Amino acid sequence: MVKKIICIRHGQATHNVDHKIRGTIAYHDPIHRDSSLVKEGENEAKNLNSEIHKLNFDTVLVSPLTRTIQTCLLATKNIKKPIIAIEWVREYPCGVHTPNNRKSVSFLKDKYTNIDFSEIEEDDDTIWDPVNKETKKQLDYRIEKFKEWINKRQENTFVLFSHASFISRFLGYTKYEHIKHCYPYVIEV
């Protein structure tokens with residue numbers, strides 16, 4: 001059975017703004033570890049809420065990084081659907097870039113009580129590496145694992161809150177394509 005996934009990139013976050021000012025150094029600054037939305041990103045997510053209400057879907061999936069969780073919760077406000085955090089859909093590269101180093105699951109569970117974190121096995125972030133940058137081959141492996149997970153699910157239509165590089169590759173682009181903040185892209189797997 002074909003599954004439909006509506007992919008949405010998180011709203012603008014602290015590292016996105018800092019990247020415009022300082023360039024790639026922003027991706028290595030510890031101040032942006034598991035970065036949060038800025039006011040503009042919050043507004044982007046809130047504005048998406050009316051569009052999300054018009055969509056027909058079964059389940060919400062979200063990367064366990066703070067900026068995607070914040071986007072998800074603002075965009076799905078007053079929508080009664082299950083929200084599941086999925087490790088596979090995190091930003092590329094998992095490693096070196098500090099915004100992609102997630103907080104512990106125990107911290108996230110305490111802070112975001114309406115999200116199901118049961119699909120994440122490790123409390124600490126074991127896939128982020130401070131020294132080694134994830135390869136495209138490793139990203140493709142994560143994408144395949146995610147597709148396998150989706151195909152085992154009973155649901156047919158999902159809204160996925162994820163990240164630009166992940167979504168770009170998931171949509172089948174061989175090189176990075178710009179993915180707009182808080183804009184729906186649809187793929188069938």
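The values are calculated or read from the model by the stated rules, or taken from the named source; none is laboratory data. All figures in this text were calculated on a predicted structure; none of them were measured in a lab. Here the Cβ is made from the backbone with ideal geometry for all residues, glycine too, and neighbour counts use every protein chain on show. Calculation scope for accessible area: heavy atoms of the full protein, side chains included, ligands and nucleic acids excluded. Shrake-Rupley method; radii C 1.70, N 1.55, O 1.52, S 1.80 Å.
Looking at (1) within 16 Å of Ser162 (Cβ to Cβ); (2) assigned to a helix (DSSP H, G or I), which is the only condition Lys137 fails?
In the conditions (1) within 16 Å of Ser162 (Cβ to Cβ); (2) assigned to a helix (DSSP H, G or I), Lys137 misses (1) alone.
Which of the residues spanning the range 1-44 are part of a helix (DSSP H, G or I), open to solvent by less than 70 Å² (accessible area, probe 1.4 Å) and either of a type in the set (Asp, Glu) or on the phi > 0 side of the Ramachandran plot (or both)?
Matches in the range 1-44: Asp18, Gly23, Glu42, Glu44.
Taking into account only those residues within the range 117-145 that are touching a strand residue (DSSP E or B) at 6+ places or on another chain (Cβ under 9 Å) and surrounded by 16 or more Cβ atoms within 10 Å (Cβ to Cβ), which is farthest from His28 (Cα to Cα)?
So in the range 117-145, the residues touching a strand residue (DSSP E or B) at 6+ places or on another chain (Cβ under 9 Å) come out as 117-120.
Subsequent filtering for residues that are surrounded by 16 or more Cβ atoms within 10 Å (Cβ to Cβ) retains 117, 120.
Numbers: Phe117: 27, Ile120: 25 Å.
Of everything passing the filter in the range 117-145, Phe117 is farthest from His28 (Cα to Cα).
When residues of the range 45-71 are filtered for being open to solvent by less than 60 Å² (accessible area, probe 1.4 Å), within 12 Å of Phe158 (Cβ to Cβ) and hydrophobic (A, V, I, L, M, F, W, C), how many remain?
Here the count works out to 4.
Considering (1) crowded, with 18+ Cβ neighbours inside 10 Å; (2) in a loop (DSSP other than H, G, I, E, B), say which one Val159 fails and leave the rest.
Failed condition: (2).
Any residue at all in the range 82-105 that is free of Cβ contacts under 8 Å to residues at least 12 places away in the same chain and aromatic (Phe, Trp, Tyr)?
No, the range 82-105 has no match at all.
State whether the residues of the range 55-75 include one that is part of a loop (DSSP other than H, G, I, E, B), out of contact with any Lys or Arg (no Cβ under 9 Å at 6 or more places or on another chain) and over 18 Å from Ile5 (Cα atoms).
Narrowing the range 55-75 to residues part of a loop (DSSP other than H, G, I, E, B): 55-58, 63-65.
Restricting the remaining residues to those that are out of contact with any Lys or Arg (no Cβ under 9 Å at 6 or more places or on another chain) gives 55-56.
Subset that is over 18 Å from Ile5 (Cα atoms): none.
There is no residue in the range 55-75 that is part of a loop (DSSP other than H, G, I, E, B), out of contact with any Lys or Arg (no Cβ under 9 Å at 6 or more places or on another chain) and over 18 Å from Ile5 (Cα atoms).
In the range 111-135, which residues are basic (Lys, Arg) and free of Cβ contacts under 8 Å to residues at least 40 places away in the same chain? Before you say what the answer is, go through the steps one by one.
Step one: filter the range 111-135 for residues basic (Lys, Arg), giving 111, 133.
Within the range 111-135, just Lys111 meets the criteria.
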